[in-house]
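Remarks on the structure that follows.
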Amino acid sequence: MKCDEEIVELMHEYLDDEIEPQNEMILRDHLKSCKECETIFNEFKKTIAVVKGTSRMQSPPNFTAKVMASLPKERKKVGMQRWLRNHPLIAAASLFLVLMTGSVFSTWNQEREFSVSKQENLVIQNDTVIVPEGEVVKGDVVVRNGVLKIEGEVQGDVTIINGEKYLASAGHVTGQIEEVNEVFDWIWYHMKRIAFEVVDIFNEGEE
Amino acid sequence: MEALIKKRIKQVIKGDQDAFAEIVEIYSNGIYQLGFRMLGNRHEAEDIAQEAFIRAYVNIKSFNQDLKFSTWLYRIATNLCIDRIRKKKPDYYLDAEVSGTDGLTMYSQLASNSPLPEKELESLELQESVQKEILKLPEKYRSVIVLKYIEELSLNEISEILDLPLGTVKTRIHRGREALRQQLRYV
């Protein structure tokens, strides 16, 4: 007896776990009566069993390590982040350092422009500031990124940041003359200023 | 498990490479197994599995996180296998002879002093012929059979992995099953 393709189709439905209950009944009834189909059905089941029964493979040892080693390099930023997570104390210290230097450098860079403290009788020509001969400038003179020529008299301190000063023979400065030209000088200058300001605050408080 | 994978994927996307190791660990056996059953030897299986993980890593940003990661990973691996089969010229590796066995190559068999118990030998032979018959299947039937019966994935997952309609997957499984039955019924 040559059975219908339909029965084999039902077998596949059964094997896929998708057979309708009434179709399953049809299949079961048919298998009881048809030796040929029963053999086919059993062969299917056996085939599936042996395929499923093949032993399960383990990936080779060090497989994960090998994969990880062949991944493209991760961005530096992340490696840094993880490192910081693992070293919180050093992380805090380095963060402090980074912020500090960052802020100092940014102030340093921001103040690249020529500027001068405001006193009425200072003469400004381009980036050159002149204390004219015979004039008396009262108060501290600060020049950033420029040249200061002192031909007259300054009653106060003179500070030149990232610039030059020429003191004429007739020129006179009553206070201190300070030149700041390098970043470290700049930092030092800032620290001193902060220290003085702190001292001033205390002095004012006492007064 | 899915939740853990999702978390690790997020970390990987943020750029934390180490988080990927756990993902590799979880899926390495399955992917390696897929490669071995599809390609028939350890060397290529390892090669393809490594490639699959590297591709997954490189393209992780294109992975839709609403979907199942394993489906996406299996799709990458299956496609690599199919490409490899299509390009394949017959080549043989020394360690490929005893297929279907776990960790046994010709070398290990030669090195073994005591003869294998008969039962074990029988099962080795069976394993070997099953693997041989799977490898004889045309690639489109082989992939569905391996995904269904070796990887034990659902028909829906297989249809997503292969990007084929469910009906096509079923037809291929039926054909593959029929071909295997013809070959394996007397083992």
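So which residues in region A:186-204 are in contact (Cβ under 8 Å) with a residue 40 or more places away in the chain and either open to solvent by 100 Å² or more (accessible area, probe 1.4 Å) or out of contact with any strand residue (DSSP E or B) (no Cβ under 6 Å at 6 or more places or on another chain) (or both), if there are any at all?
A:Ile187, A:His190
Here is a check on your reading of the model: is A:Ala49 closer than 27 Å to B:Ile60 by Cβ, small (Gly, Ala, Ser) and part of a helix (DSSP H, G or I)?
The answer is no for A:Ala49.
Could you please let me know if B:Leu147 is open to solvent by less than 20 Å² (accessible area, probe 1.4 Å) and at pLDDT below 95?
no
Pick out, from region B:1-91, the helices (runs of 4 or more DSSP H) lying fully within it that include 2 or more residues that are open to solvent by less than 10 Å² (accessible area, probe 1.4 Å), more than 20 Å from B:Gln131 (Cβ to Cβ) and within 14 Å of chain A (Cβ to nearest Cβ).
In region B:1-91, the matching helices (runs of 4 or more DSSP H) lie at B:19-39, B:42-58.
Condition first: within 16 Å of A:Asp17 (Cβ to Cβ), in contact (Cβ under 8 Å) with a residue 40 or more places away in the chain and outside any loop (DSSP other than H, G, I, E, B). Can you find one or more residues in region B:154-161 that meet it?
yes
The rows are residues; the columns are (1) surrounded by fewer than 12 Cβ atoms within 10 Å (Cβ to Cβ); (2) under 15 Å from A:Ile160 (Cα atoms); (3) among the polar types (S, T, N, Q).
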residue	(1), (2), (3)
A:Met100	yes, no, no
A:Val104	no, no, no
A:Val123	no, no, no
A:Val131	no, yes, no
A:Lys138	no, no, no
A:Val142	no, yes, no
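Among all residue pairs at least 6 apart or on different chains, which show Cβ distances below 6 Å where the first residue, located in region A:56-80, is open to solvent by 80 Å² or more (accessible area, probe 1.4 Å) and the second is assigned to a helix (DSSP H, G or I) and modelled with pLDDT of 80 or more?
As it stands, the answer is A:Gln58/B:Asn29, since those pairs meet every condition given.
Being among the charged types (D, E, K, R), more than 15 Å from the chain's Cα centre (by Cα) and modelled with pLDDT of 95 or more is the requirement here; does B:Arg172 meet it?
The answer is yes for B:Arg172.
The values are calculated or read from the model by the stated rules, or taken from the named source; none is laboratory data. What you see is a predicted model; the values in this text were computed from it and never measured. With ideal geometry, Cβ positions are generated from the backbone for all residues, glycine too; neighbour counts draw on all protein chains shown. SASA here: full protein model, heavy atoms, side chains in, ligands and nucleic acids out. Shrake-Rupley method; radii C 1.70, N 1.55, O 1.52, S 1.80 Å.
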